[in-house]
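The values are calculated or read from the model by the stated rules, or taken from the named source; none is laboratory data. Not measured: the values here are computed from a predicted model. Cβ sites come from the backbone with ideal geometry, for glycine too, and all protein chains shown count toward neighbours. Remember, those area values only see protein heavy atoms, side chains included, never the ligands or the DNA or RNA. Shrake-Rupley method; radii C 1.70, N 1.55, O 1.52, S 1.80 Å.
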Amino acid sequence: MTNIVVLIKQVPDSGSERKLNDSDFTLDREIDPVIDEINEKAVEAALQIKEANGGEVTVLSAGPDKATEAIRKALSMGADKAIHIQDDALHGSDAVQTSYVLARALGTVEGVELVIAGNQATDGGVGAVPAMIAEYLELPHLTSLRSLTVDGENLKGERETDEGIFTVEGALPAIVSVNEKINEPRFPSFKGIMAAKKKEIAVVSLGEIDVEAGDVGLANAATAVTSVTPKPAKEAGERVTDEGDGGTKVAEFLVAQKII
């Protein structure tokens, strides 16, 4: 194995109340930014493959300057180096534009045999970016894997869907996405945290990966948010006192709500 690239993203912490910016309805990314949890699992998957097959792990991320914090977290886990696509023109880019930018960046990385991503980000939930990157690069892709092994030039994994569990296989080079069952990511050690401060983060602009500013950004996105409505406040629930007919009352409530 030569080089495994892991795609990561900085998102608002899932435990925080997320909101959109009033000016352009894009996500406010200043609210408790952290590396997306599914990306930590993708990093762990890459590190396990590296430990079994050799090679190195490169982290790739697109985002503002603050995204460096998420990149450092991945490096502290054991990734070897990172590429940070940082350009103001990226602001407001949709999933298709983001996929194109990441694909262009991947094309500049030497020796890439495997790209690993989370199945979907918690801030958007599109779940299609890995597949779109694969289409741009014309590579095979295996998505939403709960297990992943690499044997020579081949990889195998299990995909879990509503219809069941399926074994899927492919040949390297390839792109895969993993789900939350893939592993439990390791905690960075103190040594790893200190080492991460010295590891290389190559900061590149759109121009350096041959992407035109007019191809990305909010003004050029295929979708647009025109208005937003705040989520209504939670209302008090209805208490049922069991006086021998509690089960009946609960059933009547569920019927009234058309749940049963």
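The phi-based Karplus calculation (6.51 cos²θ - 1.76 cosθ + 1.60; θ = phi - 60°) puts the 3J(HN,Hα) values of segment 205-214 at 9, 4, x, 6, 10, 6, 10, 7, 4, x Hz, whole numbers, x for Gly and Pro.
The dipole here belongs to segment 2-209: it is taken about the Cα centre, uses +1 on the Cβ of Lys and Arg and -1 on the Cβ of Asp and Glu, and is about 680 debye. Segment 159-175 and segment 109-125 have Cα centres lying 15 Å from one another. For the chain, the solvent-accessible area works out to 57 Å² per residue, with a probe of 1.4 Å and every protein chain left in place. Each DSSP beta bridge with both residues in the chain is either parallel or antiparallel, and the antiparallel ones are about 40%.
Of the peptides 74-80, 220-226, 150-156, the order by per-residue mean of other Cβ atoms within 10 Å, starting with the highest, comes out as 74-80, 150-156, 220-226.
Placing +1 on the Cβ of every Lys and Arg and -1 on the Cβ of every Asp and Glu, with no other charges, gives segment 49-146 a dipole of roughly 260 debye about its Cα centre.
Taking Cα atoms only, the orientation of helix 68-77 departs from the longest principal axis of the chain by about 80 degrees.
Placing +1 on each Lys and Arg Cβ and -1 on each Asp and Glu Cβ, with no other charges, gives segment 124-224 a dipole about its Cα centre of roughly 760 debye.
Per-residue SASA remark: THR229, around 130 Å² accessible (1.4 Å probe; ligands, DNA and RNA not included).
For the chain, the longest principal axis of the alpha carbon atoms and the long axis of helix 95-106 meet at an angle near 20°.
Which lysines does LYS258 reach when only Cα atoms under 21 Å apart count, and residues fewer than 8 places away in its own chain are ignored? The reachable lysines, counting only those whose Cα sits under 21 Å from LYS258, are LYS234, LYS249. The residue among VAL126, ALA89, THR58 whose Cα reaches farthest toward the positive pole of the charge dipole of the chain, with charges on the beta-carbon of Lys, Arg, Asp and Glu, is THR58. Taking only Cα atoms, what is the 0 to 90° angle, nearest 10, from helix 37-53's long axis to the longest principal axis of the chain? For helix 37-53, the angle is close to 40 degrees. Based on Cα contacts under 8 Å between residues 6+ apart, segment 2-209 shows a relative contact order of 26 percent. Taking all protein chains as present, what is the carbon and sulfur share of the accessible area of segment 171-260, in % to the nearest whole number, probe 1.4 Å? Accessible surface attributable to carbon and sulfur in segment 171-260 totals 55 percent. Taking VAL59, VAL204, VAL11 in turn, the Gaussian network model of the chain (Cα-Cα springs below 10 Å) assigns the largest fluctuation to VAL204. A 29 angstrom limit on the alpha carbon distance is what I want to check against. Which of LYS81/LYS231; LYS41/LYS199; LYS156/LYS199; LYS50/LYS197 exceed it? Flagged as over cut-off: LYS81/LYS231; LYS156/LYS199. Per-peptide packing, taken as the mean over residues of other Cβ atoms within 10 Å, places 181-188, 242-249 in the sequence 181-188, 242-249 from highest down.
To make sure I understand the rule: partners must be aspartates and glutamates, Cα under 12 Å from the Cα of LYS198, and not fewer than 8 residues away in the same chain. Which ones qualify? Reachable aspartates and glutamates: ASP80.
Seen from ARG159, the other residues with C-beta closer than 12 Å to its C-beta sum to a net charge of -2, counting Lys and Arg as +1 and Asp and Glu as -1.
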